[in-house]
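**Student:** Mind looking over this structure? Questions follow.
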Amino acid sequence: MASLTIVCGSPAATLAFGARLGGLLARGDVVALHGELGAGKTQLVAGIAAGLGAPDAVTSPTFVVIQHYQGRLPIHHADLYRLDGPADLDGIGLEELLDGDGVCLIEWPERAGDRLPAEHLVIACAWLGPTERSFTLRGAGQRVERLITALRAVER
Amino acid sequence: MSLSPALRTILALETSCDETAAAVVRDGRVIVSNVVASQIDIHRRFGGVVPEVASRQHILALDAVVRAALAPLEAGWSAIDAVAATRGPGLAGALLTGLHAAKGLAWARGLPLIAVNHVEAHVYASWLDDGSGREPPRPPLVVLIVSGGHTLLAHLADAGALQVLGQTRDDAAGEAFDKVARLLGLGFPGGPAIERAARSATGAAPLPRAWLRESDDFSFSGLKTAVLHQVRAAGPTLDDAQRAGLAAAFQESVVDVLVRKTCDAARRLAVGGIVLAGGVAANQRLRAALLAQAPVPVWIPPLALCTDNAAMIAAAAFWRQAPGLAHGLACDVAPTLRLGQV
C-alpha cells in the first residue's frame, strides 16, 4: 500500500498542499479525511476546492452535513460527525454522490462504516503544534496509488 | 413597510433542524400561538443533531404541534389565510417533513403556500410583538444573524431587500460554541454550556481575535484551534478552573468580534438601528455587549423568538408578500439556500 506523509508548517502551507492535491483529483475520486477537531481537515478541504477551481469559500459543513461547490468538477464536502452510523447515510443521499460525476471529500468517514467505495484515498490529519499539521496519505488500488505517486513527485 | 391586506393570518411550520414548530401570526406582528416541540434531549446523547433521527421526530410531532397552534383560534381553519413553511437552509430530510405537511394542509384547505428562507426569518422575529409595546425596527438596518449554522452580517436597506455584507469563512459562531464545548468536555448544546462555565471564571488570558479588517467576514476556526492548543498543552491536568477560564476567554473573543464588526457596519452605512437574530442571540454576554456599544438603537427578540420557532416564519411570510412570494405546491426544499434567495 502506497503512503506519503506531508508536514505543513502553517495554515497557508496546508491550503497550498490541498490545492496541489486538488489539481490532481479526477471524476469519481473519494477522499476520506480522518482526524480530531482542529486537525486541519476543513482547511485542507478549502485548499483542495481551490485547487479544483471552486470560486466559493469553503465553510464548515457540520450544520448542513453536506456542502456542494462547483469547480472544474462538482465537489461534495460532507461532515459525518453528527451521524449516528451508516444507517443515517440513507437520509443524506451520500451514496448517489459517491457514484456521481464529482469529487467527494468526507470528514469523520468512520461514521460511514464500510459504505465508502473500496478504493478511496485516506488522509490521516494530525495536530503537531499551534500551526503545524501532518497529513498521511494512503490507500489501496491502482487509482489511489497513481495519485500518491503523482503527489510524491510534486511534493519532492 | 406596507401592510399586505390579503393574507393577514398565517399558519407557519418550521422543521429545518431539531425543533418541530408551528405558529399562527396575525398581520406579521401579533402572535396568536407559538408552539415548539424540542428534540434537544433526544440529540444530546449524540453531541449533535442526527439528521435521520430529526426527520422521524418531526413526523411524530407535527400533527400534535399543528393542532396546538390552531387550538386558540375560535373560528378554526376559516381564520387562516395562508400556510407558510421553511424550505431552507437546513437538513434536507427535516425540511421535507415540514414543507410537505404545509403543502398537504394548503392543498386540503385551498390556501396559498408561502415558502420561507429560515435565515431571513430570524430577522423578522424582531417584527413580532413581544408585549413590550415597543415599535418594530424600521429600515435601513444592520442585521447580525448568529446561529448554529449561520453567522452573517446583512444590510436591510428596505423591506425585503436583505443584502449580505459578510459571513463566516469557516465555522458558524454557534458551531464554534459547540465545538469548543466539545474540546473542553462541557457537553451539548455548547452555547449554554460555555456561558455557564464562563460565569465561574476568575480571570483568563485572552484568546486571539480574527478581525479580517478588509471585509465584513468572520472566522472562528483559528479561535477553536487556539483553544485546542491550550487544551493539548494542559493535557490530563486540565481542571475545572482552567476550563472555565478558556470558556470565558473564548466567549469574550467571539462576542468582541461580532459586536465591533456589527457596530462598525452600522456607522459606515449610517443605518437607524441594529437587529440581532438567531439562536446565539440568547447569549447574555453578546446581548449586553451589543447594547452597551451600539451607536444606534438595538432590537433583540425575547429568548423564545431567538431560537428556532415558527412565529418568525409566519412573520417573514407576511412581510415578504409585498415583493411577491407565492410558491406553487411543486416547490422543493433547498438545504443550502443562501440569504437573498427565497
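Please treat every number below as a calculation from the coordinates, not as lab data. Because the structure is predicted, anything quoted here is derived from the model rather than measured. Glycine also receives a Cβ, built like all others from the backbone with ideal geometry; neighbour counts cover every protein chain displayed.
**Student:** Please report how far the C-alpha centroid of region A:20-53 lies from that of region B:202-269, rounded to the nearest whole angstrom.
**Tutor:** 26 Å
**Student:** Within chain B, what's the longest run with no trypsin sites (Lys or Arg not before Pro) in a DSSP loop and at most 11 other beta-carbon atoms within 10 Å? Give the range, please.
**Tutor:** Details: sites that count: B:ARG45, B:ARG134, B:ARG213.
Segment B:214-342 is the longest.
**Student:** A follow-up question, please. Quick one: net charge around B:PHE318, please, counting Lys, Arg +1 and Asp, Glu -1 for every other residue with C-beta under 15 Å from its C-beta. Don't skip to the answer; put the middle values down first.
**Tutor:** Numbers: positive: B:ARG8, B:ARG26, B:ARG29, B:ARG320; negative: B:GLU14, B:ASP27, B:ASP81, B:GLU120, B:ASP129.
Once all neighbours under 15 Å are counted, the net charge is -1.
**Student:** Take B:ARG260 and A:ASP114, extend 7 Å from each Cα along the Cα→Cβ direction, and tell me the distance between the two endpoints in nm.
**Tutor:** It is 5.4 nm.
**Student:** Sticking with this structure for a sec: Could you tell me which of B:PRO136, B:THR15, B:PRO72 has its Cα farthest along the dipole of chain B towards the positive end, charges placed at Cβ (Lys, Arg +1; Asp, Glu -1), taken about the Cα centre?
**Tutor:** So the residue we want is B:PRO136.
**Student:** Oh, and also: How large is the Kirkwood hydrodynamic radius of region A:2-155, counting all unique pairs of alpha carbons, in Å? Please list the in-between numbers first.
**Tutor:** Numbers: mean 1/r = 0.0656 Å⁻¹.
One over the average 1/r among Cα pairs gives 15.2 Å for region A:2-155.
**Student:** Considering only the other residues whose Cβ falls under 11 Å of the Cβ of B:LEU305, what net charge follows from Lys and Arg at +1 and Asp and Glu at -1? Show your work: numbers first, answer last.
**Tutor:** On the way: positive: none; negative: B:ASP129, B:ASP130, B:ASP308.
It works out to a net charge of -3.
**Student:** Taking the Cα atoms of the protein assembly as shown, what is the range of coordinates along each of the three principal axes, in descending order and whole Å?
**Tutor:** The principal-axis extents, from largest down, are 73, 51, 39 Å.
**Student:** In terms of Cα to Cα distance under 22 Å, which lysines are near enough to B:LYS179, apart from those fewer than 8 places away along the same chain?
**Tutor:** Cα-Cα hits under 22 Å: A:LYS41, B:LYS224.
**Student:** So what's Rg/Rh here for region B:47-123, counting alpha carbon atoms and using the Kirkwood radius for Rh? Spell out each step's value before the answer.
**Tutor:** On the way: Rg = 13.4 Å, Rh = 13.5 Å.
When Rh is taken as the Kirkwood radius, the ratio is 0.99.
**Student:** Can you tally the net charge around A:ALA112? Count Lys and Arg as +1, Asp and Glu as -1, for every other residue whose Cβ sits under 11 Å from the Cβ of A:ALA112. List each step's numbers first, then the result.
**Tutor:** Numbers: positive: A:ARG111, A:ARG115; negative: A:ASP88, A:GLU95, A:GLU107, A:GLU110, A:ASP114.
After counting each charged neighbour, the total is -3.
**Student:** Let me spell out the model: positive unit charges on the Cβ of Lys and Arg, negative unit charges on the Cβ of Asp and Glu, origin at the Cα centre of chain B. What dipole size does that give, in debye rounded to 20?
**Tutor:** On the way: 30 positive and 29 negative charges, 64 e Å.
So the dipole magnitude of chain B works out to roughly 300 debye.
**Student:** For chain B, what ratio Rg/Rh do Cα atoms give with a Kirkwood hydrodynamic radius? Please list the in-between numbers first.
**Tutor:** Values: Rg = 20.1 Å, Rh = 20.4 Å.
Ratio of gyration radius to Kirkwood radius for chain B: 0.98.
**Student:** So, one more: Provide the FRET efficiency to the nearest 0.05 for the A:SER3-A:ARG27 pair, computing r from the beta carbons and using R0 = 25 Å. Intermediate values should be presented prior to the final figure.
**Tutor:** Details: r = 24 Å, r/R0 = 0.96.
Using R0 = 25 Å, I get an efficiency of 0.55.
**Student:** Filter the GluC sites (Glu not before Pro) in region A:87-123 down to the DSSP loop ones having no more than 16 other Cβ atoms within 10 Å, then list what survives. List each step's numbers first, then the result.
**Tutor:** Details: sites: A:GLU95, A:GLU96, A:GLU107, A:GLU110, A:GLU119; in loops: A:GLU119.
Within region A:87-123, the qualifying GluC sites (Glu not before Pro) (loop, at most 16 other Cβ atoms within 10 Å) are A:GLU119.
**Student:** Below 8 Å, C-alpha to C-alpha, sequence gap of six or more: please give me the relative contact order for region B:141-300 in percent.
**Tutor:** Reported as a whole number, the value is 28 percent.
**Student:** So what is the relative contact order of chain B, in percent, for Cα pairs below 8 Å that sit 6 or more residues apart? Working shown, then result.
**Tutor:** On the way: 754 pairs, mean separation 87.6, N = 342.
Reported as a whole number, the value is 26 percent.
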